[in-house]
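Working notes for the structure below.
The values are calculated or read from the model by the stated rules, or taken from the named source; none is laboratory data. Everything numeric here is computed off the predicted structure, so don't read it as measured data. Cβ atoms come from the backbone with ideal geometry, glycine included; neighbour counts cover every protein chain shown. The accessibility values were calculated without ligands, DNA or RNA, using every heavy atom of the protein model including side chains. Shrake-Rupley method; radii C 1.70, N 1.55, O 1.52, S 1.80 Å.
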Amino acid sequence: MRLDVITLFPDYLAPLELSLIGKARREGLVDLHVYDLREWTHDRHRTVDDTPLGGGAGMVMKPEPWAEAFAAVREAGQAQLGEQAEPLIVFPNPAGELFAQATAQEWSSRQWIIFACGRYEGIDERVYEHLADAGCEVALASLGDYVLNGGEVAVLAITEAVVRLIPGVVGNAESLVEESHSEGLLEYPLYTRPARWEDPRGVVREAPAILLSGDHGRIAAWRREQAISRTRERRPDLLEPGHAES
Ligand code: ADE
């Protein structure tokens, strides 16, 4: 999978060199390129923003550097992947569609994603119109109902959620099947040894006996009940009819 990130803060993406994603990059499963949007400015101050037309607080990202950046990155990607390759362009944005496990699943089979990190109040609306008119596939993705300072943290989260689903990235593929959200439920509670643990306050805490029974059928049924009751308690919205299951 090829991933391109266009940002004003390339250093923000440094964690993508670590851990599973760093390993996936070294093994050639992920080819990640980070670009500074200011490469596509032409004035002495490398200006990327201006005041909002019509007035209002804050600054808006200018359209010209973005249009040039997309053209250059698209060309670089097509030089590598072939002229017919087209990216999915993702704008992290609190006004976008909620990014969920189903989205991660879908995007994990993409050949090429370009992430465009907005800052300030946002990006000039004509950038989206321009991309749509040019036939590009564009997605606005929100991490949740809160506002970050820019798209970079969202790109870290989205990249991690997507890349770990690429076959070969997570060693034990079964752990992907059983985890939270993989069936639209939260994960059941987990225990390990010692089965009988005395906590620092002297309270003895036993793991549920069923987990020591060796009866895999009953264990699976117990875990499913736990997942359902935990989901009902913490995230009843996931159990509502019509909630998208991944
Ligand atoms: N940029 C700012 N806030 C965001 C959010 N909640 N999700 C994705 N991108 C963002």
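For the chain, the membrane-span-like helix rule (DSSP H, alpha carbon extent of at least 20 Å along the helix axis, mean Kyte-Doolittle at least -1.0) picks out 63-81; this says nothing about an actual membrane.
Only sites in a loop by DSSP and with at most 11 other Cβ atoms within 10 Å count here; which chymotrypsin sites (Phe, Trp or Tyr not before Pro) in the range 105-160 make the cut?
TYR146
Label-to-label distance, GLU64 versus GLN226, with points set 7 angstrom from Cα along the beta-carbon direction: 6.0 nm.
The portion of the accessible surface of the chain made up by carbon and sulfur, rounded to a whole percent, is 50 (1.4 Å probe; DNA, RNA and ligands excluded). For the chain, modelled as a GNM whose springs connect Cα atoms under 10 angstrom apart, the maximal fluctuation among LEU211, LEU148, LEU32 occurs at LEU211. The distance separating the Cα centre of the range 91-139 from that of the range 155-179 comes to 20 Å. The spread of Cα positions in the chain, taken along each principal axis and listed from longest to shortest, comes to 69, 42, 40 Å. For the range 205-246, taking the reciprocal of the average inverse distance between every pair of different Cα atoms yields a Kirkwood hydrodynamic radius of 12.0 Å.
Which whole-number value in Å² is the accessible area per residue of the range 110-246, probe 1.4 Å?
Accessible area per residue, the range 110-246: 63 Å².
Place a point 7 Å from the Cα of GLU75 along the Cα-to-Cβ direction; which residues of the range 1-31 have their backbone N under 19 Å from it? Under cut-off, by backbone N: 4-7.
So in the chain, what percent of DSSP beta bridges are antiparallel if you round to the nearest 5? Of those bridges, close to 20 percent are antiparallel.
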